[in-house]
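Visitor: Structure incoming, see below.
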Amino acid sequence: MNKRKICAVVTARPSYSRIKTALKAIQEHPKLELQLVVAGSALLGRYGNAVKVIEKDGFTINEKVFMVLEGENPTAMAKTTGLGVMELSNVFYNLKPDAVITIADRFETIATSIAAAYQNIPLVHIQGGEVTGNIDEKVRHANTKLADLHLVASEDARDRVIKLGEDPTYVINTGCPSIDIAKEVLDTNDYNFNPIEKYGGVGANLDISNGYLVVMQHPETNRYESAREDVLCTLKAIHELNIPTFWFWPNVDAGSDGTSNGIRYYRENFNPENIRFFKNMEPNDFLHLLKNSDCLVGNSSVGIRECSFIGVPTVNIGTRQNRRKRGKNVVDVDYDTNEIKKAIQERISQKGLLSEHIYGEGNSGKQIAEALANTALIAHKTIMY
């Protein structure tokens with residue numbers, strides 16, 4: 001029996017943690033053959049060089065696609081996506097996969113969907129059906145309409161994909177693979193590492209013996225021109241609280257140059273002695289860092305997903321995660337320094353009391369592999385393979 005060739009395309013740092021356990025399960029499944037394509041900002045050092053983590057985890061990369069256009073504005077996003085369609089079309093033509101996986105909702109993931117759908121290759125969308133702010137909302141639903149098999153992360157998401165007109169037979173709630181890693185972290189009690197020794201970073205040496213914060217703030221593409229001002233509000237709040245903080249660099253989006261510029265400006269002019277800045281960490285290390293933190297601050301979906309499962313208090317700033325299904329661990333605030341400070345102080349006292357299982361129970365990777373192995377693959381909702 002020929003194995004089904006499943007081609008997964010990882011285009012950015014957060015996409016890898018969203019799919020890692022599924023990649024492993026596909027790789028180990030007797031009916032499946034993994035084809036792995038790494039593209040976009042996942043290949044770039046300034047955004048954390050996720051490709052090195054992927055290779056360290058033992059995955060063979062079939063193709064690398066360099067497609068990120070400099071500019072970090074809406075025009076650069078559109079052109080990056082166009083380059084992605086051109087390059088990925090050739091990759092799929094050469095690899096000849098039986099199905100292609102596009103992950104979640106980042107702007108460039110639509111390139112994967114177009115390149116596969118236009119070549120009549122069955123398209124599998126991971127984590128469709130959710131709602132947020134930003135360009136991600138449009139991209140996610142566009143991916144859904146181009147996709148043939150929908151592996152969603154929650155019942156709420158499944159209901160929404162069906163309401164979009166998709167066949168319920170091909171909409172399967174597998175949960176989110178990143179929750180698998182979160183479960184591993186929760187089940188591990190003796191894991192310790194020194195983030196500064198292992199990853200370096202820049203900024204202050206931190207004494208975290210009495211607790212610490214983690215910040216992950218990205219620009220909002222619908223207000224990208226305010227990215228610098230937005231991040232300065234958060235920087236000022238964190239600095240004034242004077243709590244040791246691990247701060248992570250933004251993703252490549254419209255406005256990320258403004259966010260990066262704001263971070264550099266503040267670091268050089270105010271030299272905050274309670275903040276250390278990092279580009280990236282391995283998924284397990286990052287979640288261990290979160291697990292032991294007092295609070296996550298910013299606007300990353302990790303606060304909605306993994307932190308809900310682990311029970312990490314989260315201060316979500318702005319509208320990037322607008323209307324996404326969230327747990328009681330999350331409190332929402334605007335870009336206001338005093339609001340952010342107050343919310344952090346209130347959330348810290350709730351550490352460890354706020355765990356909810358909204359996005360799965362920690363076995364999503366294997367469920368995804370089983371769905372890929374045993375569901376009839378279709379293209380354009382009609383052609384049976």
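The values are calculated or read from the model by the stated rules, or taken from the named source; none is laboratory data. The shown structure was predicted, so the numbers you read here are calculated from the model rather than taken from an experiment. Glycine also receives a Cβ, built like all others from the backbone with ideal geometry; neighbour counts cover every protein chain displayed.
Visitor: For Val252, all conditions in the list (1) under 20 Å from Asn49 (Cβ atoms); (2) in contact with a helix residue (DSSP H, G or I) (Cβ under 6 Å, 6 or more places away or on another chain); (3) modelled with pLDDT of 85 or more hold save one; what is the number of the exception?
Guide: (3)
Visitor: Determine whether Gly40 is surrounded by fewer than 19 Cβ atoms within 10 Å (Cβ to Cβ), modelled with pLDDT under 95 and of a type outside the set (A, V, I, L, M).
Guide: So Gly40 fails the test.
Visitor: Could I ask something else about it? Take Pro122 and tell me if it is in contact with a Cys (Cβ under 8 Å, 6 or more places away or on another chain), more than 30 Å from Phe277 (Cβ to Cβ) and buried (at least 21 other Cβ atoms within 10 Å of the Cβ).
Guide: The answer is no for Pro122.
Visitor: Sticking with this one: Take region 140-161 and flag every residue that is hydrophobic (A, V, I, L, M, F, W, C) and crowded, with 21+ Cβ neighbours inside 10 Å.
Guide: Correct list: Ala147, Leu149, Leu151, Val152, Ala153, Ala157, Val161.
Visitor: Based on what the data block shows, is Gly128 modelled with pLDDT of 90 or more and more than 18 Å from Leu36 (Cα to Cα)?
Guide: yes
Visitor: Give the residue that is farthest from Ile135 (Cα to Cα), with candidates limited to residues of region 206-244 that are in a helix (DSSP H, G or I) and of a type in the set (A, V, I, L, M, F, W, C).
Guide: Filtering first and then ranking leaves Leu241.
Visitor: Considering each residue of region 196-229, count those that are in contact with a Pro (Cβ under 7 Å, 6 or more places away or on another chain), surrounded by 20 or more Cβ atoms within 10 Å (Cβ to Cβ) and charged (D, E, K, R), and give that number.
Guide: Residues meeting the conditions: 0.
Visitor: Got a number for residues in region 112-127 being under 23 Å from Pro74 (Cβ atoms) and in contact with a strand residue (DSSP E or B) (Cβ under 7 Å, 6 or more places away or on another chain)?
Guide: 2
Visitor: Within region 168-188, can one find any residue that is over 18 Å from the mean Cα position of the chain (by Cα), in contact (Cβ under 8 Å) with a residue 40 or more places away in the chain, part of a loop (DSSP other than H, G, I, E, B) and more than 30 Å from Leu123 (Cα to Cα)?
Guide: Taking every residue of region 168-188 in turn, at least one turns out to be over 18 Å from the mean Cα position of the chain (by Cα), in contact (Cβ under 8 Å) with a residue 40 or more places away in the chain, part of a loop (DSSP other than H, G, I, E, B) and more than 30 Å from Leu123 (Cα to Cα).
Visitor: Right, here's the next one. In region 342-365, how many residues are surrounded by fewer than 19 Cβ atoms within 10 Å (Cβ to Cβ) and part of a helix (DSSP H, G or I)?
Guide: 4
Visitor: Restricting attention to region 321-340, report how many residues are surrounded by fewer than 23 Cβ atoms within 10 Å (Cβ to Cβ), out of contact with any Cys (no Cβ under 6 Å at 6 or more places or on another chain) and part of a loop (DSSP other than H, G, I, E, B).
Guide: 9
Visitor: Wholly within region 256-320, which helices (runs of 4 or more DSSP H) include no fewer than the required count, namely at least 2 residues that are over 24 Å from Gly362 (Cβ atoms)?
Guide: Where helices (runs of 4 or more DSSP H) fall fully within region 256-320 and carry at least 2 residues being over 24 Å from Gly362 (Cβ atoms), they are 256-270.
Visitor: Same structure, new question: Filter region 11-37 down to the residues that are assigned to a helix (DSSP H, G or I) and in contact with an Asp or Glu (Cβ under 6 Å, 6 or more places away or on another chain) and list them by number. It would help to see each step written out before you state the result.
Guide: The first filter runs over region 11-37 and keeps only residues assigned to a helix (DSSP H, G or I), leaving 13-28.
Selection gives Thr21 alone.
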